[in-house]
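> For reference, the structure I am asking about is given below.
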2 protein chains.
Amino acid sequence: MKKVLGVLGGMGPLATVDFLHKLIDETPAQRDDQHLPVIAWSVPQIPDRPAAITGNGESPLPALLAGIRTLKDAGAIAIAIPCNTAHYWYDELVREGGLPIIHIADAALDELRAHKMTGKTVGLIATRGTLAAGFFQQRLAAAGFECITNSDAEMDEVELPAILHVKRNELDAAGALLTIAVEKLIARGAGGVILGCTETPVVLDRMPAGLSARCVDATRALAKASVKWWKQHG
Amino acid sequence: MKKVLGVLGGMGPLATVDFLHKLIDETPAQRDDQHLPVIAWSVPQIPDRPAAITGNGESPLPALLAGIRTLKDAGAIAIAIPCNTAHYWYDELVREGGLPIIHIADAALDELRAHKMTGKTVGLIATRGTLAAGFFQQRLAAAGFECITNSDAEMDEVELPAILHVKRNELDAAGALLTIAVEKLIARGAGGVILGCTETPVVLDRMPAGLSARCVDATRALAKASVKWWKQHG
């Protein structure tokens, strides 16, 4: 069976497509067959992640593991998950799924370091589930950065509505709100901002260039890390 | 096992992503879980289709059938193939793959009729393999249209280089060449032009609006037809 990179997606579907696009962008290729062999499982009928994390809903873990098993049976030798929030279950997914998973926050940190961030304050745009999981904050602290996030009110009024707009494919509205969320973090001293929810970089091109240049696109970082992984192990 | 739409892709990878994007675009959805469950097999390591059709290379049929079997094992109940040229093997793929395949040319013809084409001359942008297969010309003739294509010289100098540029992710260069290919067909009397190679609509937004409005995007047509199929059978 052909070895492939497994993409565990569908959370949401547009973020998965954005990741697949960036995987192509980040692959040096002149011909079709120089691109990575990929199977993408994009099944959006998965229990709501933020609801599960806050104890208000069914766990998506069984559905995510079923996805990994399907990808493994189809030839996957490693998994990329273009959804930051799903990394809440990273340890269980690796242990029970039995495949290496390229961690999106490790990839984003690599990218942050490569950007030669000025200062040590980093803004983080992420869902409450990702913030509760804490994997971004832990990695940032270990690398000597201080992490700031939007306030509770900004999350409710700006950041979460931006994400919902992307899920509805309403990209102009999403871009306008994301711009505000990033501006707030920069005004509070962030030298750079990690877009740590895969819906958000989908509208990076709808932000003023001066702002988007300060952002680390975690989805693109995961794509870069996946191409690098495949070059070494694929 | 979760029922999914199987996407047999990777020919090329960017065309597959373009199709997945259009599938989302054509789905009326307010939330993630209203989008179609999809598994996309995007494995570009498939013997060259045009070379096989002209008798100068190995057949891709075994690789394509392996892809369909993988998708079937992963829960696919129908297949969409975002590659016009691969439809050369449509009958064998249906017969030996054992799943319904939504035909891209049927989808494009539906779209052409919906466009209320003026006149009866239709331009067709397609690879030599797709032209040799004849499925577009047969359907157009049956629907009362006359089909015109670029000349051999135009194919070599404009159309095929445009396709290769897309495969290299050189989209501006591809858009400029595709514009010329479409202009030639309209100058020869085409009332509309079918973009019957999935690389070409990737650069539709790089064409002058007056020209792109005359084009039928076969990839988007396949996405629409897939959403319609899923609504009835999924």
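> Note down the magnitude of the dipole of the protein assembly as shown about its Cα centre, charges +1 on Lys and Arg C-beta and -1 on Asp and Glu C-beta and zero elsewhere, to the nearest 20 debye. Please report the intermediate quantities before stating the final value.
Details: 46 positive and 52 negative charges, 81 e Å.
Here the size comes out at about 380 debye.
> Could I ask something else about it? Please state, rounded to one decimal and in Å, the Kirkwood hydrodynamic radius that the range B:100-156 gives when every pair of distinct Cα atoms enters the mean of 1/r. Please list the in-between numbers first.
Details: mean 1/r = 0.0823 Å⁻¹.
About 12.2 Å for the range B:100-156.
> If each label sits 7 angstrom from Cα along the C-beta direction, how far apart, in nm, is B:M1 from its counterparts in the other copies?
Result for B:M1, in nm, nearest copy first: 1.0.
> Charges on Cβ only, +1 for Lys and Arg, -1 for Asp and Glu, centred on the Cα centroid of the protein assembly as shown; of B:V203, A:M1, B:H21, which one is farthest towards the dipole's positive end?
A:M1
> Based only on other Cβ atoms within 10 Å, what is the fewest-to-most ordering of B:M11, B:M1? Don't jump to the answer; show the numbers that get you there.
Details: B:M11 28, B:M1 9.
With the fewest neighbours first, B:M11, B:M1 line up as B:M1, B:M11.
> Still on this model: Picking from B:V94, B:V216, B:V122, which is most flexible by a Gaussian network model of chain B using Cα springs under 10 Å?
With Cα springs under 10 Å in chain B, the top fluctuation among B:V94, B:V216, B:V122 is at B:V94.
> If you don't mind, there's one more thing I want to ask. How compact and how long is chain A, expressed as Rg and Dmax of its alpha-carbon atoms in Å?
For chain A, the Cα radius of gyration and maximum Cα-Cα distance read 16.9, 52 Å.
> Oh, and also: Once the label point is placed 7 Å from Cα along Cβ, list for A:Q30 the distances to the corresponding points in the other copies, in nm, shortest first.
Spelled out, the distances from A:Q30's label point are 5.2 nm.
> Just the number: Rg to Rh for the range B:149-234, Cα atoms, Kirkwood Rh, two decimals.
Details: Rg = 14.0 Å, Rh = 13.5 Å.
The Rg/Rh ratio comes out at 1.04.
> Now for a different question. Using only alpha-carbon positions, what ratio does the radius of gyration of the protein assembly as shown give when scaled by 2.2 N^0.38 Å? The partial results should precede the final answer.
Values: Rg = 22.6 Å, N = 468, 2.2 N^0.38 = 22.8 Å.
Rounded to two decimals, the normalised Rg is 0.99.
> Compare A:G134, A:G123, A:G97 in a GNM of chain A, Cα atoms joined below 10 Å, and give the one with the largest fluctuation.
In the Gaussian network model the winner is A:G134.
> Right, here's the next one. Distances from A:D73 to the same position in the other copies: list them in nm, one decimal, shortest first, using label points 7 Å from Cα along Cα→Cβ.
0.9
> Past the 25 angstrom mark, what percentage of all C-alpha to C-alpha distances in the range A:1-124 do you count?
Numbers: 2253 of 7626 pairs.
Tail of the P(r) past 25 Å holds 30 percent of the pairs.
> In whole Å, how far is the Cα centre of the range B:26-80 from that of the range A:152-205?
Between the Cα centres of the range B:26-80 and the range A:152-205 lies a distance of 34 Å.
> Give me the percent relative contact order of chain B, please, defined on Cα pairs under 8 angstrom at least 6 residues apart.
Details: 409 pairs, mean separation 57.7, N = 234.
With pairs under 8 Å counted, the relative contact order is 25 percent.
Readers should treat all values here as calculations from the given coordinates under stated rules, not as data from a laboratory. Since this is a predicted model, take the numbers as computed values, not measurements. Here Cβ is always computed from backbone atoms with ideal geometry, including for glycine, and neighbour counts include all displayed protein chains.
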